[in-house]
Amino acid sequence: MYSIIKSVQLLVALLKEYDIKHVVMSPGGSNIPIVHSIEVDPFFECYSVVDERSAVYFGMGIAQAKNVPVACVCTSGTAVSNFLAGITEAYYRNVPIVAITADKNQLFLNQIETQKIDQTNIFGTVCKKSVDLPIINTDDEYWYCERVISEALLEMSHHGFGPVHINISTIGNTSTYCQTNLPSVKSIRLVDRGADVSVWREYINWLKKAEKILVVVGQDIVFTDRDIKNIEGFFEKYNCAFSVEHMSNLKCAGTLLTYAVTEIYGNNALAEFVPDLVISCGNNIASYELKPFLRQNHKAFKHWSIDEGGRVRDVFQGLTDIFECSASYFFEFFNNNAPTLADNNKKYYFEWKQAVDRIVIPEFKFSNFYVAQQLAKIIPPNAILHLAILNSTRIMQFFNIDKSIRVFSNLGALGIDGCLSTFMGQAVSTSELAFCLIGDLSFFYDMNAVGIGQACNNVRIVLLNNGGGSEFHFFMGRQKIPTIDKYICAEHKKSAKGWVESLGYKYYSASSKAELDEILSVFKLPSLEPLFLEVFSEMEKDANLTKTFYQMNKPASEKVHNVKTAIKTALKSMLTEKQIAEIKRFINKNE
């Protein structure tokens with residue numbers, strides 16, 4: 001029987017999954033759930049060493065003689081400190097040791113709790129990776145523990161061998177052992193460019209069998225013409241669709257701007273698009289709904305992550321394989337080594353394309369959306385476009401722009417504090433026109449960047465000034481929070497006019513379609529000075545228009561689902577539990 005502590009079960013199961021069978025154990029109280037769960041499993045070969053100062057050294061001897069990784073387990077408190085000398089030796093000798101240390105309740109640190117010291121990162125610079133496992137009470141905590149255990153065990157042999165540290169809280173239930181089976185766990189496989197080509201070829205069979213491959217392309221990859229040729233070859237040979245945004249900077253055969261579909265449809269309507277394989281590359285994406293959609297369905301697919309650093313980035317909570325290489329290398333290998341072209345009806349691609357094509361883009365009223373719609377028409381080829389975060393990024397995703405335009409956005413940490421500064425650095429680095437679409441809160445936060453001395457006449461800044469954070473009206477609105485404008489939206493009546501004119505910009509303003517259209521015709525032309533356009537609208541109207549646009553494009557199935565949900569919520573608020581139970585019995589009886 002295993003301990004009922006879920007983090008202990010995961011730890012034991014993953015030690016088995018990564019074939020770590022030699023375990024050196026020192027006596028104690030806090031580590032009893034770990035020790036007993038290991039000793040009852042015939043997979044493991046266990047050794048008892050009372051003195052923790054000797055335990056890691058003893059484990060090193062086994063690891064070196066057998067050329068295998070070894071786990072060492074100790075209790076909490078100074079027992080962990082006693083591991084330090086051995087871990088230091090293992091680090092400088094490149095010996096694969098897993099230091100597993102039991103811990104007390106983290107909340108009792110520095111509260112005169114028995115045998116409770118700070119064990120977090122206790123091995124400091126002589127440990128390749130250190131992770132802490134909390135007590136598991138939620139699905140997210142379960143996912144977190146499973147993920148970080150894999151991260152530690154992978155790191156033990158990543159770019160050379162060395163020790164890693166897994167610290168695990170075992171509070172409560174230290175004597176309850178009624179779990180008959182370990183959970184089914186998912187190990188993560190790391191494949192690098194140096195792996196035998198036969199290892200890489202194993203994946204070709206999976207690619208050929210997969211009928212729904214979704215390639216999610218984030219930002220910050222520079223694609224060459226050769227890359228595009230290989231990506232298009234990949235698209236021809238495997239049944240896939242490339243999900244891209246403007247910030248992906250990839251537009252070729254097989255790519256689709258899926259943002260509109262994922263944001264508007266809702267999870268129920270997206271069910272038909274659940275993939276059986278997800279391949280991800282690049283950094284963050286702007287889509288709010290693609291990540292939760294894939295997380296909700298993570299058990300239905302494998303996830304291959306292309307990451308040059310070999311990092312564990314389990315963004316969809318279903319990571320199975322990491323390819324430690326560039327996207328260029330990945331697509332070139334699988335394009336060039338694909339077997340004879342089999343049937344590829346591109347069915348999955350066309351399913352996504354039909355959904356994208358069904359999105360109806362109206363001629364918007366004067367609003368933020370109208371600004372983006374018109375701006376997309378006038379940005380010339382080879383220009384730079386920087387989209388400030390949230391609303392500025394969102395509204396441009398619905399409109400096509402020339403594939404030669406390079407698009408940027410600070411999606412990494414998603415802060416409002418440096419959008420304009422980043423853009424100015426990009427603008428001075430090119431002789432082409434450089435456009436920035438930015439909201440008022442982001443602009444006034446970073447407004448000093450407009451005065452950077454190197455600003456030149458290729459700069460085109462479009463400020464969406466609707467008097468505050470319309471983003472929060474879109475997500476919440478005055479109905480939910482009547483006081484939303486004062487503090488949440490930071491309502492204001494500022495204008496950039498005097499500031500930008502004092503810095504030598506040619507200033508324009510627009511409050512109507514006619515004014516905007518006339519000014520934008522100038523923005524696409526060369527000029528002797530940097531140009532600045534301030535567009536005035538109302539944040540609540542902008543937010544409501546976005547909601548209306550989304551609602552008109554929702555599939556019928558999602559609208560029905562939303563109505564049913566609303567009815568159920570209303571009924572629950574009006575009826576007692578007894579009345580609801582009676583209604584359910586009546587429905588079941590008459591079905």
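The values are calculated or read from the model by the stated rules, or taken from the named source; none is laboratory data. Predicted model only: the values in this text are computed from it and were never measured. Glycine also receives a Cβ, built like all others from the backbone with ideal geometry; neighbour counts cover every protein chain displayed.
Summary of computed values
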read-out	value
Subset of region 261-298 that is surrounded by fewer than 23 Cβ atoms within 10 Å (Cβ to Cβ), more than 18 Å from the chain's Cα centre (by Cα) and not aromatic (Phe, Trp, Tyr) - its residue that is farthest from residue 209 (Cα to Cα)	264
Any hit, region 216-226, residues being in contact (Cβ under 8 Å) with a residue 60 or more places away in the chain, farther than 24 Å from residue 385 by Cα and among the hydrophobic types (A, V, I, L, M, F, W, C)	no
Residue within region 199-211 that is loosely packed, with under 13 Cβ neighbours inside 10 Å, basic (Lys, Arg) and within 15 Å of residue 334 (Cα to Cα) present	yes
Conditions (1) in a strand (DSSP E or B); (2) over 24 Å from residue 453 (Cα atoms); (3) not aromatic (Phe, Trp, Tyr): number failed by residue 385	(2)
Residues that are at negative phi, out of contact with any His (no Cβ under 8 Å at 6 or more places or on another chain) and surrounded by 15 or more Cβ atoms within 10 Å (Cβ to Cβ), drawn from region 106-133	106, 116, 117, 119, 126, 132, 133
Hey, residue 316 buried (at least 19 other Cβ atoms within 10 Å of the Cβ) and either outside the structural domain of residue 208 (by TED's automatic domain parsing) or more than 19 Å from residue 411 (Cα to Cα) (or both) or not	no
Only one of 242, 235 that is modelled with pLDDT of 95 or more, surrounded by 24 or more Cβ atoms within 10 Å (Cβ to Cβ) and aromatic (Phe, Trp, Tyr)	242
Hits in region 79-118 (condition: of a type in the set (S, T, N, Q) and modelled with pLDDT of 95 or more)	81, 82, 88, 94, 101
Total residues in region 453-476, condition assigned to a loop (DSSP other than H, G, I, E, B) and either over 17 Å from residue 507 (Cα atoms) or not assigned by TED's automatic domain parsing to the domain that holds residue 386 (or both)	7
Scope region 73-112; condition over 36 Å from the mean Cα position of the chain (by Cα) and free of Cβ contacts under 8 Å to residues at least 24 places away in the same chain; matching residues	111, 112
Verdict on residue 259 being in contact with a Pro (Cβ under 7 Å, 6 or more places away or on another chain) and either charged (D, E, K, R) or over 17 Å from residue 330 (Cβ atoms) (or both)	no
Residues (over 15 Å from residue 537 (Cβ atoms), modelled with pLDDT of 95 or more and surrounded by 16 or more Cβ atoms within 10 Å (Cβ to Cβ)) located in region 474-502	499, 500
Only listed residue being at pLDDT 95 or above and under 30 Å from residue 211 (Cβ atoms), chosen from 401, 384, 359, 405	359
Selection status of residue 70, within 34 Å of the chain's Cα centre (by Cα), surrounded by 18 or more Cβ atoms within 10 Å (Cβ to Cβ) and closer than 22 Å to residue 8 by Cβ	yes
